[in-house]
Amino acid sequence: MIAYAARRLLQLPIVLFVIVTAAFFIMRAIPGGPFSNEKAVEPEIRRLIEAKYHLDWPVPKQFAQYVGPFNLDERGHSLFGGDHSEPWGGLLTGDLGLSFRYRNQTVTDIIGRSFPVSAVLGSLAMILALLIGMPAGVIAAHRRGRWEDWSAMAVAMVGICIPNFVLGPLLVILFVFQMELLPVAGWGSLEHMVLPAIVLGLPYAAYISRLSKGAMLEAIEQDFIRTARAKGLSERVVILKHALRNAFLPVLSFLGPATAGILSGSVVVERIFNVPGMGTWFVQGALNRDYLLVIGAVLVYAVLLTVLNLLVDLLYAVVDPRIKLS
Amino acid sequence: MRLPTFPAVLIPLLIGGCVTYEKGDFAIVLGTEPQSLDPALVTGVPEGRVIRGILEGLTTSDPQTLEPLPGVAESWEISDDGLVYTFHLREARWSDGTPLTARDFDSAWERVLRPETGAEYGYMLWYVRGAEEYQKGRLDDWSEVGTEVPNDHTFIVTLDNPTPFFLDITSFYTASPVPAHKVRELGDAWAREDNIVTNGPFYLADWRHRERLLIKRDPLYWDVANVRASAIELLTVESIPTNFNLVLTGAAHWTDRNGIPNNFVSNVLAGEASKVRPLSVRRGPYLGTYFVRCNVNEPPLDDVRVRKALAMSINQADITEHVTRAGEIPTHAIVPPGIDGYSNVKGLRFDPEGARELLEQAGYPGGKGFPRLVYLFNTSEAHRGVAEVLQAQWEEHLGIGVELENQEWQVYLDNQTNLRYQLSRSAWIGDYPDPNTFLDMWMTGGGNNRTGFSSAHYDSLVVAAGRESDPVKRAEVLAECERIIVVEELPILPIYHYVSLHLYDPRLQGIQNNVLDKMMLKYFYLDEGGDVAKRSPGLGREPHS
């Protein structure tokens, strides 16, 4: 298992390199630029700004500068004081570069601030999704065809169908304007997290309940469950101890990419509740042509996705002894 | 599966996520996240609002009339030819206690104009002799540029031309002083939140990015006695409905037009924004114009008769009454009303009959044979609304078909700049209260022209206006320029002038509407007790009960 994990981790740099390369060149292929503005900048001034950020270089050279590890700029940038003409630089030295739009900040500054926010909110939402989704699915499967099943699945269907930009404002009307229980938007206290976590988590809860119901139904048909029942185990033990373990497998494989997605933020939820998370930077970064910020965000997402998928694969082996990793 | 490990990981995260916030006396919605607080680097509205609160130039502006008022300069003299300004600086200090001298202005202006800085608003200082050449790298020696520091308290500026609005320029944030001692030490990083040192009514106490900035009254500020707010929170908000909700729930005490969703504008103006919370609203003229650019190189728009026909078949009131709805002023001109000493030009009125005739003369009777035009706008519901009205009116009055095409902002800008369009939605917000800011942009090859319009006669008029020292004659020349744009040549089709709109807690005092919608935080304060209705200024609407 350790060898397996090590092999997968060794693949990571290659995967990331491909992703960064693709992101870099795709971003540069879009028209417009970080310094295009409604008020025109004199061509001479614009050239100077672009030179400051190396945008006047051929794109492959810019890419080489971005990745590093050699600093190709003989004069060095003095954006943060002093003369930064060190021989090393770029992504390989851990430098994600400068934001073009937020001109006193580095991409590391921006992601370092926003990722923890998204991670907290995303974890809350995911816990909520599991706490609601798993029991709902198990009950629905166990009470198949009865009202518990119908109502749980109806709610799940609605949860999947209602987009978050509808659910968010609905909850705001209810909890903020009608009941006056929660703050309308902002960040910094537990109260501020409740509504965004619900809006972010509910669709996942719905999805998880559908998945776990399906898997549970399959599990309770199987021989070992019949054996367990025949042994005279209580229904509770049969369901929670034996069947649930099996029912959890498809949920687990869903959790990998889902957690990566939820942890890296959601632009819609962040806009509605004014949460300073990372999702907005994906979108705003792209709209502002803040090239390096977008690549930085993509990189974080890619790392999350790969690592979480690996984690899921490893957990498979833990949950289901039939699976051998090799 | 053992779920409890998951929450165990989370608890420290949650604790890390909860922070105690220092509150201000009140909170205003600033707008989007400022790109920076370095006056040399920024160009946006939210940035300007913060910078005017924390940095003060040689002059400031009256919050109502925008009349230049003494700032760091306690007085000034202007030479008879209008070219030499001598500013006398008061004893002032930076927020770290360092004395502020004329050298801080000199080095700040040098920094703005230094080519490597890449200051987009450097042109604001180009009225200073040699400044343009210096920024464009054609002049290397700063001592040849028209600024002089004879002693710590005197700053002498020499201009190329008499520039009647120069004292407005010195109040503009690009001309703010920056702390030379900090810039020497830190370079551009002087403006990062942990380093920044300022000289205005407030200093930056805290900046939680994409949440809020906190500014506090600076006890070292020379006019601190007249600053009544001790701390103000400036919220950064991206979404219009969220912005509106913050004000409705009392979490924010002030917002501008960007906090009022279009669907609610009529309710807000009627004083019916909220049933539970008294809110005041006030509206004022704003130096901004919404118009359509025509690509004059592109047939059939290369024919001025076609452009005139398009202009004369627009009924602007339909747009302001049914689409924008905030009381915008329908217009046939480009320069908005509200500039002292300038009488507005009457452009081409709505005249479908005349428009059809012109179109016929151009060879398209009843719109027959007229090629299909494409109207380009940046993706937004509001711009689509305007575009649809224009499309319908041109169809109805001229019998011509116009296709609507929306593009993402940067793509749209790129196409407009490179003249890859036929008709294109446009707007312009004035930089200073003078007609020039709406007229010099149409000079040949100007970066903001973007229509292909070029006229040697027009260029010479704008230059002549710049050299004219008699304000009356100057206004006449500028009016002639405007007449060429909106009566004779029509590279643009005027639609409406913007209005400024503020929605705020009636206890909030010191808010003024001025034509640039310049926010002067210095005068803001929250009046906790007292009779609100009595104190509510006459200009605004009374709060409803």
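Okay, residues lined up against (1) small (G, A, S); (2) at pLDDT 95 or above; (3) surrounded by 20 or more Cβ atoms within 10 Å (Cβ to Cβ); (4) over 21 Å from B:G146 (Cα atoms):
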residue	(1), (2), (3), (4)
B:L66	no, no, yes, yes
B:D80	no, no, no, no
B:L89	no, yes, yes, no
B:F105	no, yes, yes, no
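Looking only at region A:175-194, how many residues end up being over 27 Å from the mean Cα position of the chain (by Cα) and either in contact (Cβ under 8 Å) with a residue 40 or more places away in the chain or at the interface with chain B (Cβ under 7 Å from one of its Cβ atoms) (or both)? Show your work before the answer.
So in region A:175-194, the residues over 27 Å from the mean Cα position of the chain (by Cα) come out as A:176-181.
Okay, now just the ones that are also either in contact (Cβ under 8 Å) with a residue 40 or more places away in the chain or at the interface with chain B (Cβ under 7 Å from one of its Cβ atoms) (or both), so A:176.
Qualifying residue count, region A:175-194: 1.
Among the residues of region B:433-445, those identified as crowded, with 17+ Cβ neighbours inside 10 Å and within 13 Å of another protein chain (Cβ to nearest Cβ) are B:T437, B:F438, B:D440, B:M441, B:W442, B:M443.
Would you confirm, using the coordinates I've provided, whether B:E403 is free of Cβ contacts under 8 Å to residues at least 60 places away in the same chain and open to solvent by 10 Å² or more (accessible area, probe 1.4 Å)? The answer is yes for B:E403.
Against the definition (buried (at least 21 other Cβ atoms within 10 Å of the Cβ), more than 28 Å from the chain's Cα centre (by Cα), assigned to a loop (DSSP other than H, G, I, E, B) and in the same structural domain as B:V472 (by TED's automatic domain parsing)), how does B:F350 come out, yes or no?
Working: buried (at least 21 other Cβ atoms within 10 Å of the Cβ): no; more than 28 Å from the chain's Cα centre (by Cα): yes; assigned to a loop (DSSP other than H, G, I, E, B): yes; in the same structural domain as B:V472 (by TED's automatic domain parsing): yes.
No, not satisfied.
For region B:48-67, the set of residues classified as in contact with a Gly (Cβ under 8 Å, 6 or more places away or on another chain), within 22 Å of B:Q509 (Cβ to Cβ) and assigned to a strand (DSSP E or B) consists of B:T60 only.
Output the helices (runs of 4 or more DSSP H) that fall wholly within region A:88-174 and possess 3 or more residues being open to solvent by less than 50 Å² (accessible area, probe 1.4 Å), at the interface with chain B (Cβ under 10 Å from one of its Cβ atoms) and in contact (Cβ under 8 Å) with a residue 60 or more places away in the chain, or say none.
Details: elements: A:107-142, A:147-161, A:164-171.
Per the criteria, A:107-142.
For region B:127-147, filtered to residues that are open to solvent by 30 Å² or more (accessible area, probe 1.4 Å) and touching a residue at least 24 places away in the same chain (Cβ under 8 Å), the residue that is nearest to the other protein chains (Cβ to nearest Cβ) is B:Y127.
B:A387 meets each of the listed conditions (1) in a strand (DSSP E or B); (2) buried (at least 16 other Cβ atoms within 10 Å of the Cβ) apart from (1).
To keep it simple, each residue is scored yes or no on (1) over 16 Å from B:H502 (Cβ atoms); (2) part of a helix (DSSP H, G or I); (3) under 26 Å from the mean Cα position of the chain (by Cα).
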| site | (1), (2), (3) |
| --- | --- |
| B:P241 | yes, yes, yes |
| B:L246 | no, yes, yes |
| B:N258 | no, yes, yes |
| B:F264 | no, yes, yes |
| B:V268 | no, yes, yes |
| B:E272 | yes, no, no |
| B:K275 | yes, no, no |
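Screening region A:208-305 for helices (runs of 4 or more DSSP H) wholly inside it with 1 or more residues that are open to solvent by less than 50 Å² (accessible area, probe 1.4 Å), in the same structural domain as A:A140 (by TED's automatic domain parsing) and touching a Leu at 6+ places or on another chain (Cβ under 6 Å) returns the ranges A:244-263, A:267-273, A:279-287.
So if I check each of B:N245, B:N195, which one is within 14 Å of another protein chain (Cβ to nearest Cβ) and either among the charged types (D, E, K, R) or free of Cβ contacts under 8 Å to residues at least 12 places away in the same chain (or both)?
Details: B:N195 fails: either among the charged types (D, E, K, R) or free of Cβ contacts under 8 Å to residues at least 12 places away in the same chain (or both).
Answer to the selection: B:N245.
Of all residues in region B:157-170, those that are open to solvent by 10 Å² or more (accessible area, probe 1.4 Å) have Cβ atoms under 6 Å from Cβ atoms of residues that are part of a strand (DSSP E or B), 6 or more apart or on another chain, in B:T158/B:V84; B:L167/B:T59; B:L167/B:P68. Just to be sure, is B:E405 under 14 Å from B:V306 (Cα atoms) and among the acidic types (D, E)? Considered against the rule, which asks whether it is under 14 Å from B:V306 (Cα atoms) and among the acidic types (D, E), B:E405 comes out as no. Applying the criterion of at least 3 residues that are under 29 Å from A:P43 (Cβ atoms) to the helices (runs of 4 or more DSSP H) found wholly in region B:121-219 leaves B:131-135, B:166-169.
The values are calculated or read from the model by the stated rules, or taken from the named source; none is laboratory data. None of these values were measured; they are calculated from a predicted model. Neighbour counts run over all protein chains shown; Cβ positions are idealised from the backbone, glycine included. Please note that ligands, DNA and RNA were not included when accessible areas were found on the heavy atoms of the full protein model with its side chains. Shrake-Rupley method; radii C 1.70, N 1.55, O 1.52, S 1.80 Å.
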